[in-house]
Amino acid sequence: MENIRYEFYSPNKGYEEIQANIFNRNTQRGVSAKDIERKITKTRKDPKLLRYAFSEEGKPLAYIQASQVSSSVYYLGYPWCIPECPSFVQEKLFIDMLEFLKAKDLDEIQYWLNASHKEGIAFFESKGFIQQIKGVTYKFNLQDIKDYPLESSKYTTHLATMEDVDLLVEIGTIDKELQQAGLTGEWLKNYFETKVLTDGHCIMVKDEDKIVCASAPLRDPHGTESNNIILRFTATRPGYEDVWPYLIVEIAKECIKAEWDLPLHVNLEDESKVANFLLPLKPQISESYHLYVLNLKR
């Protein structure tokens, strides 16, 4: 097992299938090789941001990947592996990729970790990563909140159509998190036209003629049991976080109308303004994904 072979990603060599098998084995998810291939192609991923380890006999042992968030921020993932993989292989995959990213003169390196992945959290903390955001999941029963008595307000909501695409792009280019992810107006317009508005169910909230919030529900393909509903995107104008109860209640009504009477899961930052405004809806709260960061500009 000492003669380990390391290889960067290359198309048409079956690496996507290897990656899917190792990832799904560790997470009980259902990611397919086609999903991975499409994402690599769509993002024009640098092959050096995906690396695989094989035993001397050619057995896949582990892989690691990194992704560009912006010009100064990258994600660096956990080195997923099979149970028989030696620990030094995980270590080498991670350290080599970390050094490769550090050479890019970045501000920070990030990774979102599932709160239940204790081994992964311990691994990243041992490498100097610090928890920056504690994520929580608010779980709503649609029937419980569809008739929630909201106070009369200046906000109005409606189902977005293709005629609203420019307004959606506007709120997308204002939302802090979407902009931190480096999403351009052109990318957002294509996403709204070809995905969100094509599938429907997108709720917009306005303050008179000004768009202040928007989101759309999506059946979570990786949900457990009979699936869950998640928010496929969220965009909020700064200072309008109090609009979220109106948004969530309208999304609940839309999901019931579409006969999606499933739990709605909303991922939020713990104790954020949005999270606090949603507390009156009495969600079930659990820890979800936490953001760990390695600051390189101290």
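Computed quantities for the displayed model
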| quantity | calculated |
| --- | --- |
| For the stretch 136-286, with +1 on Lys and Arg beta carbons and -1 on Asp and Glu, the positive-most of 266, 194, 216 along the dipole | 266 |
| Cα convex hull of the stretch 187-248, projected area averaged across orientations, nm² | 5.3 nm² |
| Charge tally in the Cβ shell below 12 Å around residue 167, where Lys, Arg are +1 and Asp, Glu are -1, residue 167 excluded | -1 |
| Neighbour net charge for residue 276 - beta-carbon separation under 12 angstrom, K R +1, D E -1 | -4 |
| Those GluC sites (Glu not before Pro) in the stretch 256-298 that DSSP places in a loop and that have at most 13 other beta carbons within 10 Å | 259, 271 |
| Counted charge near residue 288, where neighbours are those whose Cβ lies closer than 13 Å (Asp, Glu -1; Lys, Arg +1) | -2 |
| Quarter of the Cα convex hull surface for the stretch 5-106, i.e. its orientation-mean projected area (nm²) | 6.4 nm² |
| Helix-only mean residue ellipticity at 222 nm for the chain, each DSSP H run of n ≥ 4 adding -39500 (n - 2.57), per residue, nearest 500 | -9000 deg cm²/dmol |
| Neighbour-limited loop hits for GluC sites (Glu not before Pro), the stretch 111-159 (at most 14 other Cβ within 10 Å; DSSP other than H, G, I, E, B) | 151 |
| Given charges at beta-carbon only (K, R positive; D, E negative), |dipole| of the stretch 226-291 in Debye | 180 debye |
| Charge-dipole axis of the stretch 69-142 as Lys and Arg at +1 and Asp and Glu at -1 on Cβ define it, positive-most pick from 100, 75, 116 | 116 |
| Cα shape, the stretch 153-298, gyration tensor, a/c 1.5 rule | rounded |
| Of the trypsin sites (Lys or Arg not before Pro) in the stretch 147-201, those whose Cβ has at most 10 other Cβ within 10 Å and which sit in DSSP loop | 154 |
| Angle in degrees between helix 244-257 and the longest Cα principal axis of the chain, rounded to the nearest 10 | 90 degrees |
| Assigned charges on the beta-carbon of Lys, Arg, Asp, Glu; the chain dipole about Cα centre (debye) | 600 debye |
| Isolated Cys residues of the chain, judged by Cβ distance under 4.7 Å to other cysteines | 202, 213, 255 |
| Note, ³J(HN,Hα) from phi for the stretch 39-47, Karplus 6.51, -1.76, 1.60, rounded to Hz, x at Gly and Pro | 5, 4, 5, 5, 8, 6, 4, 5, x |
| With Cα atoms, 0 to 90° folded angle of helix 15-27 axis to the chain main axis | 70 degrees |
| Rounded to 10°, Cα long-axis angle of helix 87-102 versus longest principal axis of the chain | 70 degrees |
| Dipole moment magnitude, nearest 20 debye, the stretch 5-106 about Cα centre, only Lys, Arg, Asp, Glu C-beta charged | 400 debye |
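Each reported figure results from applying straightforward, stated rules to the coordinates on display, with no laboratory input. Model, not experiment: these values are computed from the prediction. Every residue, glycine among them, receives a Cβ derived from its backbone with ideal geometry; neighbour counts consider all protein chains shown.
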